[in-house]
Amino acid sequence: MEHSSLAGRIFRGVALTLVLVFFMFPIVWIFLMSFQSNEQILRIPPSILFEPTLSNYQALISGQLRTTAGNIDIPFMRNLMNSFVLSSAAVLLALLLGVPAAYAFARFKFKLGETIAFTLLSFRFAPPLLVLLPLSLYYQQLGLSDTYFGIVWVYQLIALPLILWIVRGYFEDISPDIEHAYRLAGHSWREAFTRIAVPLAGPGIAAAGLLSFIFCWNNFVFALILASADKQPVTVGALAFVTASGIQYGQIAAAIVLSVTPTLLLALYAQRYLVEGLSLGAVKG
Amino acid sequence: MSMAQLLQTDTTARPKPRPRPRGRWLPYLLSLPALLVCIAILVPFVTAAVYSLQRYRLNLPYLRGFIGVDNYIDFLTDPAFWNTLKISLVYTAVTVIAELLLGLGIALLLRRPTRFHNAVSIMLLLPLMTAPAIAALMWKLMTNPGFGILSYLVSLLGVHDFKWASDPSTALFTVVLVDVWVYTPFIMILLLAGLRSLPRQPFEAAALDGVPASFVFFRITLPMLAPYIITASLFRLLDSIQQFDIIYAMTQGGPGDRLMVFQVQAYLEFFQYTNVGRSAALLMILWLITNILSNIFIKNWLRLRERAHGHA
Amino acid sequence: MARLELSSVGKAFGSVRCADNLSLAVESGEIVAVFGPSGSGKTVLLRMIAGMFEPDEGDILVGGQSIVGAPPERRGIGMAFQNFALFPHMSARDNIASGLRAKGAGGDIAAKVASISSLLKIGHVLDHRPRELSNGQKQRTALARALIGNPEVLLLDDPLRNVDAKLRYEMRLELPSLLRRGSASVLYVTQDYREAMAIADRIAVLIEGRLVQVARPEEIYAKPASVAVARLFGDPSINLAEVTPVAEHGALFADIAGTRVRLDTGDREPIDLGACWVGVRPDDLVISHAPGDDAIPARVVAVTPMHEKAVLLLRFSDGAEWLAALPSTTTVADADDNVFVRFAAEASLLFDRATGVRIGLPHRRQAA
């Protein structure tokens, strides 16, 4: 079924090379740019031979940006910190709330469970602004707008459905008899849940948690609407930074590198779980 | 624990009537948080539906009132709405078709699970794991008319003054390019998983019979892969018609109204023109479209799955 | 002591009645096999006792106290599952010890694990995870886990179902003494009548959610309560013929394929009976080449070796087919031979054709 004619092999080689260049080049290029001074970036023709400088990163970390119009403060490190805090808190909360619920959906067949699962699923496909815009008005009334808690709570709309649908599948794959056996050995249902069901669904929980973290981190529109500058994550912060810094392209590149590095490292580290989570999350819901 | 101790804690009457089975409330307790999230979705959703039937401007609160479907009727004669509808549909069609073809092609290239192929498929995860808004910024840097590497490369090909996203004639192409860069790997991953899970026998039988490759592809591979293709395109379709991050980060809907897709338009209606009613009506229409699309696709998916199983 | 008692237990799932007015007592130290075809409600019965779901009606008592409504962990029950249900992420040792640890048994855990695992010959694999164990070792680990806490009630759900034939044979010999080590009331579910007869003190026959007979193994074999029970016990299964017995000269006779044969009346006065089944086990048929008034002429259709016997498929002149099981050492007949079939009157069982219930009281004989 595989063609191993010479022409076929050459064609496949060329095609794969083009694919790799198209998908990898932007990442590599921005990475290189982040180590270049503005003069080097603006040089025509561009060259990949340059003397690397860390000045872009230093400026970002110090939070002081030198522009032609003088120094401006850039809270980019704070954005980075916000991304960590918001995404981690959202995933932790979603795991805390979602894993027991996923267990209930898997073990007890009850109507409310099915209704919840399908409501969450169908709103996975609804326009996020449809929920977010009215929610922003409610948030103002409730005093939740521009609070970490408020943002973590709306991030549940991203993380919780993902966790519910992926982890539920894993719980369903565990034979209930294993839990029955553990209970007959003298353990309460809570012990059976924490010491049998959760460890056995561990890979699924890890996949769902990682995927949720990445999706929360990468989210843009939720924080754009609900957070002001000092609570904004990197996705929104980077955009504001581009507007503020004007032509400091090296620093923009460095900011981009800092924003994507955590998720890309996580993705590489956990690629096995991730592919499984993506396909399962997609196929099952 | 002895039975005697046990029975002290067991207060159920016996022998009859039977007590209610214990723990009936447990599943409900466990799913309470999920229920709360559901409510947190449904309340704003219903609110949005109500807003869409109101004259509701944040800057003119005293004008607020119920106006029936007037917001919707206004759209019929509003060229801005038809522009939004057109741009959204074109954007969706172009991105999904391009990503599907490209994703299928790459999946076929990587079909054999060699070490190299697996490494490539892992590398292709990286664009997918990049925040779309950040990806748009990356491409903005690369397509800068002054120093962008891509601008330089097309100038080498003799195309000067290629303005990418800032030129109305090429803006759509540019954002589609970013969308393709980010989301093709998603389709590729699903189709690769599908390809690798197909049963071998039909392919082995075809190879033994010397069936031509094109016949194998169109009559065996594609039909058996159809459920995966439908699932992957459904996901992309629903995401694509709601695209916000890439377009907003790249051009905020511009130049002019060239890229004014649904969610960007609704966002601007809300925050720039503070017209809540109109914004909500726009989003309700988008929601309706996504519902229709997903229903059509799910029906086809079920039909195709049956057929694919028949083939296998 | 911990007598297990079911009193009028009923359970339905939707319109399916899995348990219908079940009453059964298992004495302390007794092994009762619950035997029946698949889908007869055996597993549902065990699971109600274990507390995985509750009966709709009736009561379940251990040592005279109701356990209905109590959570599984407080019922004092040990259970071995058909699919073993070992904890995949724990070593065999931790699997076995889990119950003792939950009860906080303290320092003697190691000693107890060592003793039960040497008894079950799995001492050398205690540090292995379940996936590194053979099926037989898994099964023994599951048994050790069920036995170690000396539970008052021991439930075994077809524990030999998923092990190979050799191991099943060994375990059939070992199990009775293992299960009698403590003073547990043992319920042993199986689909294999030989296993039930080899292991149990009594057998409870469950068909479609009802207990149709509870008795000692040899009694069930010799005096099945109904034609359904008679068919479940015995391999090859019992031969049946439709007859209408008549009483003559102080004896009971029936016509099988044109031959008048004498039937057993036990110590009862023979009377004319209505439509009946007569049943004769294949082991009780005598095959010879000698014709006679009491012998049914038959043609041997096929001879098949089965277990330690030779099974003959016989066809009578009216087309009915019976099986005869003979010791394979004796070659009485070959295929296509014409032979004559006899059986002792005491070997015949009579069942009412309408209800399937056994009629009369044949002599008790030893099980084959």
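The values are calculated or read from the model by the stated rules, or taken from the named source; none is laboratory data. Remember, it's a predicted structure, so these values are computed and weren't measured experimentally. No Cβ is skipped: glycine too gets one built from the backbone with ideal geometry, and neighbour counts run over all protein chains shown.
Would you confirm whether or not the range A:145-152 contains a residue that is more than 19 Å from the chain's Cα centre (by Cα) and part of a helix (DSSP H, G or I)? No, there is no match, as no residue in the range A:145-152 is more than 19 Å from the chain's Cα centre (by Cα) and part of a helix (DSSP H, G or I). Filtering A:A253, A:A197 for residues that are within 14 Å of chain C (Cβ to nearest Cβ) and at pLDDT 90 or above leaves a single hit, A:A197. Looking only at the range C:260-284, count how many residues are crowded, with 20+ Cβ neighbours inside 10 Å and in contact with a Ser or Thr (Cβ under 9 Å, 6 or more places away or on another chain). Qualifying residue count, the range C:260-284: 10. Listed here are the helices (runs of 4 or more DSSP H) enclosed by the range B:69-149 that have at least 3 residues being surrounded by fewer than 20 Cβ atoms within 10 Å (Cβ to Cβ) and not polar (S, T, N, Q): B:70-76, B:79-109, B:115-123. Filtering the range A:33-47 to residues that are surrounded by 18 or more Cβ atoms within 10 Å (Cβ to Cβ) and assigned to a helix (DSSP H, G or I) leaves A:M33, A:Q40, A:I41. Report yes if some residue within the range A:106-113 is more than 7 Å from chain B (Cβ to nearest Cβ), closer than 25 Å to B:Y28 by Cβ and part of a loop (DSSP other than H, G, I, E, B); otherwise report no. For the range A:106-113, residues more than 7 Å from chain B (Cβ to nearest Cβ), closer than 25 Å to B:Y28 by Cβ and part of a loop (DSSP other than H, G, I, E, B): present.
Yes or no: A:F171 of a type in the set (A, V, I, L, M, F, W, C), surrounded by fewer than 22 Cβ atoms within 10 Å (Cβ to Cβ) and more than 8 Å from every other protein chain (Cβ to nearest Cβ)? For A:F171, the condition - of a type in the set (A, V, I, L, M, F, W, C), surrounded by fewer than 22 Cβ atoms within 10 Å (Cβ to Cβ) and more than 8 Å from every other protein chain (Cβ to nearest Cβ) - is not met. Looking across the range C:346-368, just one residue is modelled with pLDDT of 85 or more, closer than 18 Å to C:A247 by Cβ and among the small types (G, A, S), and that is C:S348. Screening B:V154 with (1) free of Cβ contacts under 8 Å to residues at least 60 places away in the same chain; (2) facing chain A (nearest Cβ under 9 Å); (3) outside any loop (DSSP other than H, G, I, E, B) gives one miss only, at (2). I'd like to check something: does the range C:54-69 contain any residue that is at pLDDT below 90 and within 20 Å of the chain's Cα centre (by Cα)? The answer is no; no qualifying residue exists. Only one entry in C:R47, C:R75, C:R17 is modelled with pLDDT of 90 or more, of a type in the set (D, E, K, R) and assigned by TED's automatic domain parsing to the domain that holds C:G209, namely C:R47. Within the range B:186-207, track down each residue that is touching a Ser or Thr at 6+ places or on another chain (Cβ under 7 Å) and either small (G, A, S) or within 8 Å of chain A (Cβ to nearest Cβ) (or both). Across the range B:186-207, the qualifying residues are B:I189, B:L190, B:A193.
Set side by side, the residues C:A204, C:A228 differ, and just one is assigned to a helix (DSSP H, G or I) and of a type in the set (G, A, S), which is C:A228. Pairs meeting the criteria (first residue in the range B:76-101 and in contact (Cβ under 8 Å) with a residue 24 or more places away in the chain, second residue of a type in the set (K, R) and part of a helix (DSSP H, G or I), beta carbons under 7 Å, at least 6 apart or on different chains) are B:V96/B:R236; B:E99/B:R236. Does C:I287 count as at pLDDT below 90 and in a strand (DSSP E or B)? Yes; evaluated as a whole, the condition is true for this residue. Inspection of the range B:173-183 identifies no residue that is of a type outside the set (A, V, I, L, M, F, W, C) and surrounded by fewer than 15 Cβ atoms within 10 Å (Cβ to Cβ).
When we screen C:D59, C:D127, C:D108, C:D94 for residues that are in contact (Cβ under 8 Å) with a residue 40 or more places away in the chain and among the charged types (D, E, K, R), the only hit is C:D59. Restricting attention to the range C:64-91, the residues that are at the interface with chain A (Cβ under 7 Å from one of its Cβ atoms), touching a residue at least 60 places away in the same chain (Cβ under 8 Å) and surrounded by fewer than 24 Cβ atoms within 10 Å (Cβ to Cβ) add up to 1. Say we look at the range A:218-248 and pick out the residues that are facing chain B (nearest Cβ under 7 Å) and either within 24 Å of A:P161 (Cα to Cα) or in contact with a Gly (Cβ under 9 Å, 6 or more places away or on another chain) (or both); which of these is surrounded by the fewest Cβ atoms within 10 Å (Cβ to Cβ)? The qualifying residue surrounded by the fewest Cβ atoms within 10 Å (Cβ to Cβ) is A:V221.
Tallying residues that are within 12 Å of chain A (Cβ to nearest Cβ), modelled with pLDDT under 85 and surrounded by 15 or more Cβ atoms within 10 Å (Cβ to Cβ) within the range B:212-254 yields 2.
May I ask you to verify whether A:S212 is among the small types (G, A, S) and surrounded by 19 or more Cβ atoms within 10 Å (Cβ to Cβ)? In short, yes. Would you check if there is a residue in the range C:21-42 being within 14 Å of another protein chain (Cβ to nearest Cβ), surrounded by fewer than 22 Cβ atoms within 10 Å (Cβ to Cβ) and assigned to a helix (DSSP H, G or I)? No, because not a single residue in the range C:21-42 is within 14 Å of another protein chain (Cβ to nearest Cβ), surrounded by fewer than 22 Cβ atoms within 10 Å (Cβ to Cβ) and assigned to a helix (DSSP H, G or I). Go through the residues of the range A:114-135 one by one and say whether even a single one is free of Cβ contacts under 8 Å to residues at least 24 places away in the same chain, part of a helix (DSSP H, G or I) and within 30 Å of C:S98 (Cβ to Cβ). Within the range A:114-135, none of the residues are free of Cβ contacts under 8 Å to residues at least 24 places away in the same chain, part of a helix (DSSP H, G or I) and within 30 Å of C:S98 (Cβ to Cβ). Suppose the filter is more than 14 Å from chain C (Cβ to nearest Cβ) and of a type outside the set (S, T, N, Q); does A:G202 pass it? Taking the combined requirement at face value, the residue does not satisfy it. The residue that is surrounded by the most Cβ atoms within 10 Å (Cβ to Cβ), among those in the range C:95-114 that are under 33 Å from the mean Cα position of the chain (by Cα) and more than 7 Å from every other protein chain (Cβ to nearest Cβ), is C:I96.
Checked across the range B:202-209, the condition of being buried (at least 20 other Cβ atoms within 10 Å of the Cβ) and of a type in the set (F, W, Y) holds for no residue.
Residues checked against (1) assigned to a loop (DSSP other than H, G, I, E, B); (2) modelled with pLDDT under 50; (3) facing another protein chain (nearest Cβ under 7 Å):
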position	(1), (2), (3)
B:Q5	no, yes, no
B:T12	yes, yes, yes
B:K16	yes, yes, no
B:P27	no, no, yes
B:A34	no, no, yes
B:C38	no, no, yes
B:V43	no, no, no
B:A48	no, no, yes
